[in-house]
Amino acid sequence: AAEMTARAAPDGYTLMLGTLGILTVNPSLGPVRFDTLKDFAPISLFANVEAVFVVNPTLPVKSVGEFLSLAKSQPGKLNMGSAGVGASSHLAGLLFVGMTGINTTHVPYKGGGPMATAVVANEAQWAISPAAALVGLIRAGRLRAIAISTAKRSPILPDLPTVAESGVPGYDFGSWNGVLAPAGTPRAIIQQVHGVMRKVAVMTDVKEQFASQGLAPTASASPEEFAKLIRDDYATIAKVVKAAGIKAE
């Protein structure tokens, strides 16, 4: 989809729903046939995809601080589940490990579903993964949520503290979906679509539908703001991937 959009006519009739993974993670893992920073005209965020820190309910921890104490007392014994090498859950976990210095074992699964099943079954003891896939399991008591990954608390799980306020200052990891057009799309078209997206993001029925899926609808204040987010995340993800030596599999 990204390749097709990058090569489409910039006439406003081709738009792409892009993700953090497609636009910032994939180019860091290996060659792709598009240039994230040159081939697209960012329009607006569409949804914030917050990640939630979950543990198996049998783990004797109810906070990030307690988890860190346990992890440091058992180096290498706790498994970190992810939806695969380079997935947002992998990167969120790597960032946490890097900032806290804990020794844990990464176990990649083939997607978010198998990863969640693994944490429920205690094959993996913890994960930091998009809330949308985990909210149902959390509410059913099959997973224990101890923190939210973003800098601000989530409207989906408002009583859950952030990782940063739980003892890891500066930790902030979230994914997103956003709409982009091919580079060169006229400014008037970009502004028109952006204006519509801002109106849609505040509609009550849209908020309710998104919330039921563990998502928070949003819209960028301007196309320039969304473009800056992409540039910033592109640089941040590249550093995390390089530091961890991650390669596409």
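The values are calculated or read from the model by the stated rules, or taken from the named source; none is laboratory data. From a predicted model like this one, the values you see are computed outputs, not experimental measurements. Using ideal geometry, Cβ is built from the backbone for each residue, glycine included, and neighbour counts are taken over all protein chains shown. Side chains are part of the model used for accessible areas, which takes the heavy atoms of the whole protein and leaves out ligands, DNA and RNA. Shrake-Rupley method; radii C 1.70, N 1.55, O 1.52, S 1.80 Å.
Brief remarks on what is shown
- For the range 156-172, the set of residues classified as over 16 Å from the mean Cα position of the chain (by Cα) and open to solvent by 70 Å² or more (accessible area, probe 1.4 Å) consists of PRO158, ASP159, GLU165, PRO169, listed by residue number.
- Residue that is surrounded by the fewest Cβ atoms within 10 Å (Cβ to Cβ) [pool: residues in the range 97-115 that are part of a strand (DSSP E or B) and over 17 Å from the mean Cα position of the chain (by Cα)]: THR105
- Some residue of the range 83-96 being over 27 Å from GLY136 (Cβ atoms) and either in contact with a Pro (Cβ under 7 Å, 6 or more places away or on another chain) or not in a helix (DSSP H, G or I) (or both): no
- Applying the condition of being open to solvent by less than 30 Å² (accessible area, probe 1.4 Å) and in a strand (DSSP E or B) to the range 173-215 and asking which residue is nearest to ILE148 (Cα to Cα) yields GLY174.
- For ALA1, the test of being open to solvent by less than 10 Å² (accessible area, probe 1.4 Å) and either of a type in the set (Val, Ile, Thr) or under 28 Å from ALA216 (Cα atoms) (or both) is failed.
- Scan the range 116-155 for residues that are open to solvent by less than 30 Å² (accessible area, probe 1.4 Å), more than 24 Å from SER69 (Cα to Cα) and assigned to a helix (DSSP H, G or I) and the total you get is 2.
- Check on LYS38, of a type in the set (Lys, Arg) and within 21 Å of LEU143 (Cβ to Cβ): no
- Failed item, numbered, when ALA238 is tested on (1) at pLDDT 95 or above; (2) in a helix (DSSP H, G or I): (1)
- If you check ALA221, ALA238, ALA188 for being within 14 Å of LEU45 (Cα to Cα) and among the hydrophobic types (A, V, I, L, M, F, W, C), only one passes: ALA221.
- Options PRO27, PRO42; residue that is within 24 Å of PHE173 (Cβ to Cβ) and surrounded by 20 or more Cβ atoms within 10 Å (Cβ to Cβ): PRO42
- Tabulated pairs, the range 204-217, first in contact (Cβ under 8 Å) with a residue 12 or more places away in the chain, second of a type in the set (S, T, N, Q) and not in a loop (DSSP other than H, G, I, E, B), C-beta under 6 angstrom, 6+ apart or interchain: ALA216/ASN48
- Counting only residues that are touching a residue at least 24 places away in the same chain (Cβ under 8 Å) and assigned to a helix (DSSP H, G or I), the range 1-43 holds 14 of them.
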